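For reference, the structure discussed in these notes is given below.
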Amino acid sequence: MMKKFLFVLMAAVAVSTGAFAQKKLSVKDITPELSVYPCQDRPEALVVVRCSEDFELEFKSNVDKELNVVRELEGSEKVYSIVFKTRGEGTSYRGRILTIMAPSFDKVYLPLELKQKEKKEYLVTDPYSSLRSIYYTSVEKANELFTQGMYDQAMDNYRIAKRCPEYEIEQNNIDDYLTLCDSMKYWTALVDTAEANNDYYTARDYMLKMMQKNTQCVTLRERFHNIQQAYVTRCNADMANGELYMSDGYYEKARKVYENAVKMRNPRIGEAEAYLHEIEKLTFKKTNKTRVLNYQLLDNTPINFFRAGCKPGKTGGYFSMGFNSQCFDLLSNVNTQYPTEEPRLDYETRVSFGWTVSLFRSYAFAYFTPFSYVGGGYSYQDPTTAGDDDANSSSSLQLGFLQQDVRWYHAVAPEAGIILKYWRISLNYKIQYRYWLGYDPAVSDALGTTTHSIGVGIAW
């Protein structure tokens, strides 16, 4: 009887002194590098506690009266988010200790010395998890492998968990994780292909998508950093090489690097597109030889040029100008023409500008304009000096411009024609109709109303 009493007494003492200790929780710091809590200018920090165990966690702080704990589920993992103040009037948060509690486990006292915008993450597990159901251990292992980027191995463990009885009764997202693992493998293959083809923009896009789905994977962050560096290097190289090729006249090489710059959404994509437009114009002119310069054969105006732009499938413009050598004499006040009583184009100038229209590829073009001018003039003797014998003297002839005048007749001359172009040779034919605007009705009859001319020259 005495022995039984002593045993009960020892048991009571053991319980009161904690001789029968509870199980221990494992708390591991899993904070990713360079983690930041974006809280603008608020003096706050964030603590995230992750736990895949089948029990719920509770939290308490020695310096915070109340804790606002937000609980979420990510698959089979419970995520607890707690926002802590890091500064306050009349309050010191030094020596803050977060107490983590779970049923049947000893409390865990976690010191927290937090700075503004700091983010800390911890993983709480049961160190005796190997003694639990294979379902839970498989899910935990699969989650761990997923965060390490080992998607095939993670899928194997998720499939093991699917074959367990708990799969039917537990709230889980195993099927979603299996689908996500397939997507991550597919995106990884796309990144590999894009990187091999130097398509760093596409590779970077898929890497960003993968990092959003697997925020804790260090391997993903490292690879993204390398791809980003390669992207910036390639963008700078494309623009530098393009400018060099343009200055040297290697337009096809420049086109390739600028097209790649557009494809990769180069930060200087606007400049690349402008260069591509310029290359298109230059190569179009060179390929189709859209410029024509002809010498026009016309009576009375041996100095006559014809310039046209001939763009296949598009409209263009042209300009022509002609005059005779007597115009130089007139401008220099030296009149070498004898006076006449009938209109005669001793002095002639002509100017026209209008449009060209493509008729057949780059070989045939029509041109026309109502904006054409012809000016003609002839010398006549002043009637007041007609009977003066001295007017015909040698000295008077030398000063003939003082005793003679030039009578001008003007004409509006709409015209049309055709341009034929092959290789670097161009020909053109033109017909012009003149509406004379003179004082003498006989001028138009004497000078004519219709002229024809041909031209020959080069195309480039």
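Beta carbons closer than 8 Å, at least 6 apart along the sequence or on distinct chains, pair a first residue in the stretch 176-193 that is closer than 17 Å to residue 157 by Cα with a second that is modelled with pLDDT under 95 and outside any helix (DSSP H, G or I) for 176/75; 177/75; 184/149; 184/214. Counting only residues that are in contact (Cβ under 8 Å) with a residue 24 or more places away in the chain, of a type in the set (Phe, Trp, Tyr) and within 20 Å of residue 425 (Cα to Cα), the stretch 345-378 holds 3 of them. When we screen 232, 262, 218 for residues that are in contact with a helix residue (DSSP H, G or I) (Cβ under 7 Å, 6 or more places away or on another chain) and either at positive phi or of a type outside the set (Ser, Thr, Tyr) (or both), the only hit is 262.
Exactly one residue among 140, 144, 170 is surrounded by 21 or more Cβ atoms within 10 Å (Cβ to Cβ), under 13 Å from residue 75 (Cβ atoms) and out of contact with any helix residue (DSSP H, G or I) (no Cβ under 6 Å at 6 or more places or on another chain), and that residue is 140.
Candidates 294, 260: the one that is open to solvent by less than 90 Å² (accessible area, probe 1.4 Å), of a type in the set (S, T, N, Q) and within 30 Å of residue 361 (Cβ to Cβ) is 294.
Considering 373, 409, the condition of being touching a Gly at 6+ places or on another chain (Cβ under 6 Å), closer than 27 Å to residue 307 by Cα and modelled with pLDDT of 80 or more is satisfied by 409 alone. Within the stretch 108-133, restricting attention to residues that are surrounded by fewer than 14 Cβ atoms within 10 Å (Cβ to Cβ) and at pLDDT 85 or above, which residue is farthest from the chain's Cα centre (by Cα)? Filtering first and then ranking leaves 109.
When the stretch 268-290 is filtered for residues that are in a helix (DSSP H, G or I) and within 11 Å of the chain's Cα centre (by Cα), the ones remaining, listed by number, are 269, 270, 271, 272, 273, 274. Just one of the listed residues (186, 167) is modelled with pLDDT of 90 or more and not hydrophobic (A, V, I, L, M, F, W, C), and it is 186. Among the residues of the stretch 196-207, those that are in a helix (DSSP H, G or I), surrounded by 14 or more Cβ atoms within 10 Å (Cβ to Cβ) and of a type outside the set (Val, Ile, Thr) comprise 200, 201, 203, 204, 205, 206, 207.
The values are calculated or read from the model by the stated rules, or taken from the named source; none is laboratory data. Note that the structure is a prediction, hence the values are computed from the model and not measured. FYI the Cβ positions are ideal-geometry reconstructions off the backbone, even for glycines, and counts take in every protein chain you see. We work out accessible area using only protein heavy atoms, side chains counted, and drop any ligands, DNA or RNA first. Shrake-Rupley method; radii C 1.70, N 1.55, O 1.52, S 1.80 Å.
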